[in-house]
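Novice: Just passing along the structure, written as structure tokens.
The numbers here are math on the coordinates, done by the rules we state, and not lab data. Values in this document were obtained by computation on a predicted structure and should not be read as measured data. Positions of Cβ are backbone-derived with ideal geometry, glycine not excepted, and every protein chain shown enters the neighbour counts.
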Amino acid sequence: MHTKLFIPGPVEVLPEVLEKMATPMIGHRSKACAELQKNISEKVQKVFYTKNVIVLSTSSGSGLMESAIRCCTGKRAAVFSIGSFGDRWYKMAKTNGKEADIFRVPDGQATPPADVDAALATGKYDLVTITHNETSTGVMNPIAEIAAVIKKYPDVVFCVDTVSSMGGTYIPVDELGIDFCITSSQKCLGLPPGMSIASVSEKAYERAKTVENRGLYFDIVSLYEKAQKKYQYPSTPSISHMFALDYQLDRILAEGLENRFARHIEMAEYTRDWARKYFAIFPDERYLSNTLTTVTNTRGISVADLNAELAKRGFNISNGYGDLKEKTFRIAHMADCTLAEVKEVTDAIVDILGL
């Protein structure tokens, strides 16, 4: 029996999308492959609401996150963390020998725009990282308010992790002034894991050219130039992912971005109401994610045991992450998931627990 995934990635992938990954290979230096990447880039620009260069990487989103902070930090990075994945960006900076400071809020809270303003006003930082959607806590940062602050500091490169939100909620990259916007294949885009995607501004590219020791595989200067001039990779990409991505982007655009975002909000609101009725919502109610809900385990149930029972019925949710394990659980509602499917899994939980 297939187990339907309601975890924050990998997500359920439609059979027809999986089939596209079995498309016969083409040469990665061929004109056909360049045309494939060109088509992907033009469609991704629509999803990102950007005119910036689109870079593809055969890696998880962490690969391009590391590229951003390694290649574009000149003086010092200001890392604003709202959970485990914001913390990861700080670890990337330090392990790559970059000067960085972390500004951490308690789990369940969002980054206050005033804190960003206060940090950047010191003049110490030339790069800032923001996690848009933190899957460990279920918080979606107020990105528009944060972006308005960062626009006051035009020399600062603005990097945003939209790994678990791009394609599931409205993120107008150019309007927000995001220089390096990163996402992954296995979340809201509804593909298997293995590819990350970023829009990179000319400002980020020009900054990177001034930075030494950018590495090789994730050197954003090389990735940017190959993508901009020839729609190519410096190294061999996952062509199978590209076939699937090209097809899935057609599906996303055919659904209509506004319709897709509305579907995600509908699923989110249903799950939140369900969580309030039977448990409680973990994060600050002002900053709830549109792509997953983190639920406080107010009943003291064994989340592991619940998942074991759910598996017998063909469902899988996610336990809490890190220190929040068993204290919370998470239900993802992203990609091609439907409201009917969300109702199936929540009804199953109610039945199993006898609520």
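Novice: Among Ser62, Ser196, Ser235, which comes first, then next, by fewest other beta-carbon atoms within 10 Å?
Specialist: In order of increasing Cβ crowding within 10 Å: Ser235, Ser62, Ser196.
Novice: What whole number of Å gives the distance from the Cα centroid of region 1-45 to the Cα centroid of region 329-351?
Specialist: 25
Novice: What value, in deg cm²/dmol to 500, does the helix sum -39500 (n - 2.57) over DSSP H runs of n ≥ 4 give at 222 nm once divided by the residues of the chain?
Specialist: Working: 13 runs with 151 residues, N = 355.
For the chain, the value works out to -13000 deg cm²/dmol.
Novice: On a full-extension model of 0.36 nm per residue, what is the gain between Tyr217 and Asn39, subtracting their alpha-carbon distance, rounded to one decimal in nm?
Specialist: So the chain would gain 61.8 nm between Tyr217 and Asn39.
Novice: Under the definition of Cα pairs under 8 Å and six or more residues apart, what whole-number percent is the relative contact order of the chain?
Specialist: RCO, the chain: 25 percent.
Novice: Over the alpha-carbon set of region 206-291, work out the extent along each principal axis and list the three values in angstrom, largest first.
Specialist: Largest first, region 206-291 extends 52, 33, 21 Å along its Cα principal axes.
Novice: OK, next. Zone of Ala254 (label point 7 Å along Cα→Cβ, backbone N under 12 Å): which residues in region 1-30?
Specialist: Answer for region 1-30: 16-17.
Novice: Another question about this same structure. With the Cα gyration tensor of region 300-352 giving a ≥ b ≥ c as the square roots of its eigenvalues, does the rule (a/c under 1.5 for rounded; else a/b larger than b/c for prolate; else oblate) give rounded, prolate or oblate?
Specialist: Details: a/c = 2.19, a/b = 1.33, b/c = 1.65.
Since a/c reaches 1.5 but b/c is at least a/b, the shape of region 300-352 is classed as oblate.
Novice: Using +1 on the beta carbon of Lys and Arg, -1 on that of Asp and Glu, and nothing else charged, what's the dipole of region 237-355 about the Cα centre, debye to 20?
Specialist: 320
Novice: Let me ask something else. Just tell me which aspartates and glutamates come within less than 16 Å, Cα to Cα, of Lys277; anything on the same chain fewer than 8 places away is out.
Specialist: Glu269, Glu285, Asp347, Asp351
Novice: Still on this model: According to the square roots a ≥ b ≥ c of the eigenvalues of the Cα gyration tensor, what is the shape class of region 1-61, taking rounded for a/c under 1.5, prolate for a/b larger than b/c otherwise, and oblate for the remainder?
Specialist: Verdict is oblate for region 1-61.
Novice: Which links in Lys4/Lys187; Lys38/Lys91; Lys43/Lys209 stretch past 23 Å when you go from one Cα to the other?
Specialist: Values: Lys4/Lys187 14 Å; Lys38/Lys91 33 Å; Lys43/Lys209 27 Å.
Where the Cα-Cα span goes over 23 Å, the pairs concerned are Lys38/Lys91; Lys43/Lys209.
Novice: A follow-up question, please. Between Lys230 and Arg286, what is 0.36 nm times their sequence separation minus the Cα-Cα distance? Round to one decimal in nm.
Specialist: Difference between extended and current length: 15.8 nm.
Novice: Using Cβ counts within 10 Å as a stand-in for footprinting exposure, how do Leu257, Leu5 rank, fewest first?
Specialist: Final ranking by Cβ density, sparse to dense: Leu257, Leu5.
Novice: Still on this structure, I have one more. Expected output is a single nm value to one decimal: the length gained when fully extending between Ile26 and Lys91, i.e. 0.36 nm times separation in residues minus the C-alpha distance. What is it?
Specialist: Length difference between fully extended and current span is 19.7 nm.
Novice: Excluding Gln232 itself, calculate the net charge of residues whose Cβ lies under 13 Å from the Cβ of Gln232, where each Lys or Arg counts +1 and each Asp or Glu counts -1.
Specialist: It works out to a net charge of +4.
Novice: Here is a further query. Hey, fewest Cβ within 10 Å first, where do Phe243, Phe158 land in order? Intermediate results must be reported in sequence, preceding the final value.
Specialist: Details: Phe243 21, Phe158 25.
So the residues, fewest neighbours to most, are Phe243, Phe158.
Novice: Please compute the contact order of region 13-172 in relative form: average sequence separation of alpha-carbon pairs under 8 Å and at least six residues apart, divided by the residue count, as a percent.
Specialist: 22
Novice: What number comes out for the charge environment of Glu16, summing +1 per Lys or Arg and -1 per Asp or Glu over other residues with Cβ under 15 Å away? Walk me through the numbers before you get to the answer.
Specialist: Numbers: positive: Lys20, Arg251; negative: Glu12, Glu19, Asp246, Asp250, Glu255, Asp336.
With Lys, Arg at +1 and Asp, Glu at -1, the neighbours total -4.
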